[in-house]
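The values are calculated or read from the model by the stated rules, or taken from the named source; none is laboratory data. Fair warning: this is a prediction, and the values are worked out from it, not measured in the lab. Cβ sites come from the backbone with ideal geometry, for glycine too, and all protein chains shown count toward neighbours. Calculation scope for accessible area: heavy atoms of the full protein, side chains included, ligands and nucleic acids excluded. Shrake-Rupley method; radii C 1.70, N 1.55, O 1.52, S 1.80 Å.
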Amino acid sequence: MAWSTRELAELAGTTVNTIRHYHRLGLLEEPERRYNGYKKYGVSHLVCLLRIRRLADLGVPLAQVGPLRADDRSMPDQLRALDAELAASMERLQRARTDIAAILHDHAPADAPAGFASVASRLSESDSSIIHIYSQLYDADVMADLRRMVEVDAGAGALGDEITALTPDADETTRQRLAERLAPTLAQNLIEYPWLSDPTGHLATSENVARQTFTEAVLELYNPAQIDVLTRAGILAHERLRAHESTGVKPGPGS
């Protein structure tokens, strides 16, 4: 029995172009030709083609099909490595499905930072951007803590909105007022999340890269008045923290 290229493709459930591609890669031997020049495939070609398709269906890259078929001894190790890759891919796909479900449930932007779908609508463009950058600088524990901080801040609402709306030429009184209102929350965060004072152990990159990236991001994403408020609030928060450490009294809005 002899088949044409098209007939062979139909039998194998593939395409003529795929067969030609396998020829170019040297995976499938060229057959003899009929008197009229057309290719004449036999059973050996069909079996070879089906074996190649089987490996391809398992996810074996075509570049590895030839070596695998030539050396059966390496097959188990190659398949174990492939299985590990597939497991990692499945995990990524499952995470993506989980994230998509959260985005749809919370009507969040599709490009919201991973894990922040529930509060994404309350994040300013700058805050969302800085969280994306944080995800590249810090480990999963930091991101989980940051998510909890954002959830608390989102619940407060008004203060974050005021800081977001702050114009670069905001007056001294407004800046100080906002800093004083923000300081208790920052002080509480410093107590609950000690890594804020020394995040070195949670960095996903070098300390210098993290510091430089964060500094440049803040300078570009926030205007001078917003940075001033954050700086003042940070100073006040550390003062409250020192008072807390010396007296044991939990810092509060009026402390």
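Most fluctuating residue of Val152, Val119, Val43 in a GNM of the chain with Cα springs under 10 Å: which is it?
Val43
Have a look at Met149, Met90, Met75 and tell me which one the Gaussian network model of the chain (Cα, springs below 10 Å) gives the largest fluctuation.
Sorting by GNM fluctuation, first place goes to Met75.
With n ≥ 4 as the cut-off for DSSP H runs, can you work out [θ] at 222 nm for the chain, using -39500 (n - 2.57) per run divided by the number of residues, rounded to the nearest 500?
Using -39500 (n - 2.57) per qualifying helix, the result is -22500 deg cm²/dmol.
Taking the chain as a Gaussian network, where each spring joins two C-alpha atoms under 10 Å apart, which residue of Ala217, Ala88, Ala70 fluctuates the most?
In the Gaussian network model the winner is Ala70.
Taking H as built 1.01 Å from N, whose amide H comes closer than 5 Å to the amide H of Tyr138, not counting residues under 5 places away?
Ala204
Please name which of Leu219, Tyr22, Ala140 has its Cα lying farthest along the dipole of the chain towards the positive end, using unit charges on Cβ (Lys, Arg +1; Asp, Glu -1) and the Cα centre as origin.
Tyr22
May I ask you to compute the full-extension gain from Asn208 to Ala144, defined as 0.36 nm times their residue separation minus their alpha-carbon distance, rounded to one decimal in nm?
Gain on stretching Asn208 to Ala144: 20.7 nm.
Suppose R0 equals 51 Å; then what is the FRET efficiency for Gln94 and Lys40 from their Cβ-Cβ distance, rounded to the nearest 0.05?
My answer for the efficiency is 0.60.
First check a/c for segment 116-255, with a ≥ b ≥ c the square roots of the eigenvalues of its C-alpha gyration tensor; if it is under 1.5, answer rounded, and if not, answer prolate when a/b is larger than b/c or oblate otherwise.
Cα axes put segment 116-255 in the rounded bin.
Can you list residues from other chains, or at least 5 along the same chain, whose modelled amide H is less than 5 Å from the amide H of Leu28?
Amide H to amide H, under 5 Å and 5 or more residues apart or across chains, Leu28 pairs with His23.
With every protein chain left in place, what is the accessible area per residue of the chain in square angstrom, probe 1.4 Å?
Using a 1.4 Å probe on heavy atoms only, each residue of the chain averages 62 Å².
Under a Cβ-Cβ cut-off of 13 Å, what is the net charge of the residues other than Asp145 that fall near it, where Lys and Arg count +1 and Asp and Glu count -1?
On the way: positive: Arg147, Arg148; negative: Asp139, Asp141, Glu151, Asp153, Glu192.
Net local charge, Asp145 excluded: -3.
For helix 172-192, what angle does its Cα long axis make with the longest principal axis of the chain, in degrees from 0 to 90 and rounded to 10?
60
How big is the charge dipole of the chain about its Cα centre, in debye rounded to the nearest 20, if each Lys and Arg gets +1 on its Cβ and each Asp and Glu gets -1 on its Cβ?
For the chain, the charge dipole is close to 1580 debye.
When a/c is below 1.5 the answer is rounded, else prolate if a/b is larger than b/c, else oblate, so apply that to the chain with a ≥ b ≥ c taken from the square roots of the Cα gyration tensor eigenvalues.
prolate
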